[in-house]
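> Sharing a structure, written as structure tokens. Questions coming.
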Amino acid sequence: MSQAILNDNSLTFAEKVISVKSDGGKKVHHTGEIAVIPADMAMAQDSTGPLAIKVFREMGVQKVWDPKKIHLVIDHSFPAPDEKVANLHILIREFVKQQGVRLVEGSISHQHLLENHVVPGMVLFGADSHTCQAGAIGAFATGIGSSEMAAVWASGKLWVRVPESIKINLTGQLKKGVFARDIITHFIGMVGEDGGNYKSLEWKGPAVKNLSIASRACISNNSMECGCKLSIFEVDPVTQVYFKTANRKAMFEIHAGPKAQYKEEYDIDLGTLEPQVWGPGNESKVRSASEFGDDHLDEVFIGSSTNGRYEDLQVVGKILKGHKIKAGTRCIITPASRNVFERAITDGLAETFLQSGAVFTNATCGACVGTHLGVLGENETCLSTSPRNYVGRMGASTAKIFLSSPATAAASALEGHIVDPGRYL
Amino acid sequence: MSLPTPSTIIRGRTWVWPDDVNTDIIIPFRFKARTNDPVEMAKYAMYGFDPEFYKKVKPGDLFVAGRNFGGGSSREQAPVAIKYSGVAAVVAESFARIFYRNSFAIGLPALEVPGITKQVKQFDEISINLQDWSVTTKDGKVYHALKVPEFLRGLMREGGLVEYYKKHKSFPWEGLQATAS
């Protein structure tokens with residue numbers, strides 16, 4: 001039956017995964033149905049894990065269902081900026097020791113799992129909204145809260161509703177200075193903050209083959225900002241090469257049927273996109289970088305799970321090389337994983353950053369979450385590559401946050417205000 | 001501190017909120033990442049709109065909100081802060097996906113009623129019925145919330161996953177047959 005489901009021309013990605021995983025693939029689960037599926041992997045981080053541990057203990061469960069499949073990642077505030085956070089980190093380490101589950105400190109969870117653990121066709125539940133990033137390699141990956149994470153730890157299963165799907169057809173070629181981040185910012189600007197709520201996004205079309213795994217990860221990650229449950233790039237030769245190069249085995253490929261039913265369909269011609277900026281705050285419209293005046297930037301933050309990958313830092317290095325960050329603007333660069341951090345040090349990117357006057361930090365979520373390494377003060381203005389520009393996200397409620405690609409952020413750091421990065425590339 | 005499980009009929013006065021109230025407004029990261037205590041979390045409920053909200057809210061108050069309530073982060077501390085601030089239920093035009101799941105998981109009644117913000121004003125007295133999943137406004141009109149699978153309504157009535165598991169030694173979806181939602 002499973003094979004018949006996988007070959008069914010009329011099913012979406014989400015329908016196929018849920019049908020194959022649920023009840024041993026005995027029947028098809030269509031959009032809108034509820035099913036229970038086993039987790040292949042479960043992840044919680046240092047701001048959701050402590051609550052999950054508390055709930056797990058309150059439930060009275062003694063042992064987790066499978067320690068090898070459970071990852072705890074200390075990433076949001078690493079290393080601990082104060083005693084309160086440090087004590088929650090201790091709670092995590094004690095739980096890890098007691099249960100024998102996996103622990104990583106000092107890489108962002110999504111990037112760590114992408115580099116080392118998550119494979120196509122896998123079901124990943126993560127107690128972090130941006131877990132949907134792993135859709136970039138064709139995994140069924142979605143965010144949940146702490147109590148449901150405790151339930152997954154206890155039983156290895158969770159209920160899901162088969163989501164409606166949205167198809168986005170990408171055509172054309174990105175212009176110089178325009179990147180994956182600009183595609184997803186443009187899309188969110190088009191559909192709104194709840195335009196993908198409860199839904200599964202399927203990224204398709206001839207332009208997908210030109211997007212690297214890092215670019216796809218940026219798009220799948222940031223898709224959360226329109227509320228999605230999944231954001232999927234199916235396995236293709238780019239994915240296969242990625243796994244082969246990393247000497248990792250892929251799991252299995254799931255492809256939506258050509259006659260699958262989509263609730264909505266969008267076409268985006270990448271050739272028409274300009275560098276996009278969203279802000280100040282999430283109530284503002286998405287605009288082109290060239291539409292901004294010379295309002296002073298106090299801070300530029302380049303990093304986070306959305307845009308702290310090696311590919312991002314390479315572009316930033318290219319722009320910053322031989323230039324100086326504008327006086328009066330601080331530029332903070334934070335890699336997404338230890339692996340990215342080490343590569344940036346060994347290949348000279350770190351030197352370029354430091355010579356430009358930027359601050360280059362350890363791998364962590366950093367300034368994105370307003371708790372360390374670049375907190376914004378009253379009325380400060382920041383351009384950031386992190387996923388969110390919510391009021392108070394990076395510090396003071398009066399601070400203004402704009403979002404852009406790493407290229408736009410780096411060029412803007414040199415000028416001290418928002419600019420189109422084109423002339424630096 | 002543990003709160004009573006929700007009763008079947010909840011009456012209270014309303015706080016009315018706009019569209020797109022995100023989790024960082026409900027409880028900013030810098031506060032939620034520094035405690036595991038729900039009573040402490042409650043001190044920062046709705047901090048992004050009013051840092052003194054926790055002093056103004058009364059036990060049994062209700063929330064009525066616009067579209068996409070609880071968007072953004074997966075933080076369960078958001079519904080927890082609301083619940084422990086004394087708020088007995090949230091009615092919204094729509095909820096963000098993870099916030100909605102979390103509300104059931106922790107036993108904070110969350111009812112999706114399109115158009116509700118046009119029917120309710122700040123500090124109106126309304127009532128919520130957790131049996132037939134409806135809202136009755138000040139003028140006696142009844143609005144039915146969008147349908148929710150019975151296993152989730154049962155989970156809500158029993159007060160969330162911890163209480164449910166302690167009682168049944170299983171989760172409400174175990175053994176569930178596939179059903180249309």
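> How many residues are free of Cβ contacts under 8 Å to residues at least 24 places away in the same chain and of a type in the set (Val, Ile, Thr) when one looks only at region A:241-274?
Going through region A:241-274 one residue at a time, the tally reaches 2.
> While we're here: Go through region A:196-240 and count every residue that is under 19 Å from A:Gly143 (Cα atoms), outside any helix (DSSP H, G or I) and aliphatic (A, V, I, L, M).
The qualifying residues number 3.
> What single numbered condition from (1) crowded, with 20+ Cβ neighbours inside 10 Å; (2) at negative phi fails to hold for A:Gly227?
Against the list (1) crowded, with 20+ Cβ neighbours inside 10 Å; (2) at negative phi, A:Gly227 comes up short only on (2).
> Could you check B:Ala89 against (1) surrounded by fewer than 18 Cβ atoms within 10 Å (Cβ to Cβ); (2) farther than 23 Å from A:Leu158 by Cβ and say which number it fails?
(1)
> Report yes if B:Leu176 is more than 16 Å from the chain's Cα centre (by Cα) and either touching a residue at least 12 places away in the same chain (Cβ under 8 Å) or not in a helix (DSSP H, G or I) (or both), otherwise no.
It is true that B:Leu176 is more than 16 Å from the chain's Cα centre (by Cα) and either touching a residue at least 12 places away in the same chain (Cβ under 8 Å) or not in a helix (DSSP H, G or I) (or both).
> For region A:16-44, what are the residues that are buried (at least 19 other Cβ atoms within 10 Å of the Cβ), within 12 Å of chain B (Cβ to nearest Cβ) and outside any strand (DSSP E or B)?
Answer for region A:16-44, where residues must be buried (at least 19 other Cβ atoms within 10 Å of the Cβ), within 12 Å of chain B (Cβ to nearest Cβ) and outside any strand (DSSP E or B): A:Ile18, A:Ser19, A:Ser22, A:Val28, A:His29, A:Thr31.
> Just to be sure, is A:Gln99 assigned by TED's automatic domain parsing to the domain that holds A:Pro38, modelled with pLDDT of 95 or more and surrounded by 13 or more Cβ atoms within 10 Å (Cβ to Cβ)?
yes
> Could you list, in sequence order, all residues of region A:60-83 that are without any contact (Cβ under 8 Å) to a residue 60 or more places away in the chain, touching a Phe, Trp or Tyr at 6+ places or on another chain (Cβ under 8 Å) and part of a strand (DSSP E or B)?
A:Leu72
> Every residue in region B:35-52 that is within 23 Å of A:Ile92 (Cα to Cα) and out of contact with any helix residue (DSSP H, G or I) (no Cβ under 7 Å at 6 or more places or on another chain), please.
B:Asp37, B:Glu40
> When region A:59-87 is examined, which residues are found to be facing another protein chain (nearest Cβ under 8 Å) and either surrounded by fewer than 17 Cβ atoms within 10 Å (Cβ to Cβ) or out of contact with any helix residue (DSSP H, G or I) (no Cβ under 8 Å at 6 or more places or on another chain) (or both)?
Correct list: A:Gly60, A:Asp82, A:Lys84, A:Val85.
> If you don't mind, there's one more thing I want to ask. Quick check on my filter: what residues within region A:120-134 are in a loop (DSSP other than H, G, I, E, B) and closer than 19 Å to A:Ala250 by Cβ?
Within region A:120-134, A:Pro120, A:Gly121, A:Met122 qualify.
> Select from region A:103-119 the residues that are under 7 Å from A:Val73 (Cα atoms) and assigned to a helix (DSSP H, G or I) and list them in ascending order.
Of everything in region A:103-119, just one residue is under 7 Å from A:Val73 (Cα atoms) and assigned to a helix (DSSP H, G or I), namely A:Ser109.
> Also, I was wondering about something else. Out of the residues in region A:371-425 that are under 22 Å from A:Cys226 (Cβ atoms) and among the small types (Gly, Ala, Ser), which is surrounded by the most Cβ atoms within 10 Å (Cβ to Cβ)?
Among them, the one singled out is A:Ala409.
> Which of the residues spanning region A:193-224 are closer than 21 Å to A:Ser405 by Cα, more than 14 Å from chain B (Cβ to nearest Cβ) and either free of Cβ contacts under 8 Å to residues at least 60 places away in the same chain or surrounded by fewer than 24 Cβ atoms within 10 Å (Cβ to Cβ) (or both)?
A:Trp203, A:Ala207, A:Val208, A:Lys209, A:Asn210, A:Leu211, A:Ser212, A:Ile213, A:Ala214, A:Ser215 - these are the residues of region A:193-224 that are closer than 21 Å to A:Ser405 by Cα, more than 14 Å from chain B (Cβ to nearest Cβ) and either free of Cβ contacts under 8 Å to residues at least 60 places away in the same chain or surrounded by fewer than 24 Cβ atoms within 10 Å (Cβ to Cβ) (or both).
> Among the residues of region A:140-150 satisfying the criterion of being among the aliphatic types (A, V, I, L, M) and in contact (Cβ under 8 Å) with a residue 40 or more places away in the chain, which is farthest from the other protein chains (Cβ to nearest Cβ)?
A:Ala141
> Within region A:381-394, is even one residue within 14 Å of chain B (Cβ to nearest Cβ), in contact (Cβ under 8 Å) with a residue 12 or more places away in the chain and part of a helix (DSSP H, G or I)?
No, region A:381-394 has no match at all.
> Continuing with the same structure: Restricting to region B:144-168, count the residues that are in contact (Cβ under 8 Å) with a residue 40 or more places away in the chain, away from every other protein chain (no Cβ under 11 Å) and at negative phi.
4
> Could you tell me whether A:Ala86 is outside any helix (DSSP H, G or I) and outside the structural domain of A:Val340 (by TED's automatic domain parsing)?
no
> For the condition surrounded by fewer than 24 Cβ atoms within 10 Å (Cβ to Cβ) and either under 22 Å from A:Tyr198 (Cβ atoms) or away from chain A (no Cβ under 14 Å) (or both), what is the one hit in B:Ile116, B:Ile98, B:Ile82, B:Ile106?
B:Ile116
> Name every residue in region A:3-15 that is touching a residue at least 60 places away in the same chain (Cβ under 8 Å) and either surrounded by 16 or more Cβ atoms within 10 Å (Cβ to Cβ) or in contact with a Ser or Thr (Cβ under 9 Å, 6 or more places away or on another chain) (or both), in order of residue number.
Hits for region A:3-15 are A:Leu6, A:Asp8, A:Leu11, A:Thr12, A:Phe13, A:Ala14, A:Glu15.
Let's see how each residue does on (1) β-branched (Val, Ile, Thr); (2) assigned to a loop (DSSP other than H, G, I, E, B); (3) away from chain B (no Cβ under 14 Å):
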position	(1), (2), (3)
A:Ala336	no, yes, yes
A:Asn339	no, no, yes
A:Glu342	no, no, yes
A:Ala350	no, no, yes
A:Gln355	no, no, yes
A:Cys368	no, no, no
A:Thr371	yes, yes, no
A:Gly374	no, yes, no
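> For region A:157-174, name all the residues that are within 11 Å of chain B (Cβ to nearest Cβ) and of a type outside the set (A, V, I, L, M).
If the condition is that a residue be within 11 Å of chain B (Cβ to nearest Cβ) and of a type outside the set (A, V, I, L, M), then A:Lys157, A:Trp159, A:Arg161, A:Pro163 are the ones that fit.
> Test A:Glu253 against the stated conditions and say whether it is in the same structural domain as A:Ala207 (by TED's automatic domain parsing) and either in contact with a strand residue (DSSP E or B) (Cβ under 9 Å, 6 or more places away or on another chain) or not in a loop (DSSP other than H, G, I, E, B) (or both).
No; evaluated as a whole, the condition is false for this residue.
The values are calculated or read from the model by the stated rules, or taken from the named source; none is laboratory data. From a predicted model like this one, the values you see are computed outputs, not experimental measurements. We place every Cβ from the backbone using ideal geometry, glycine too, and count neighbours over all the protein chains shown.
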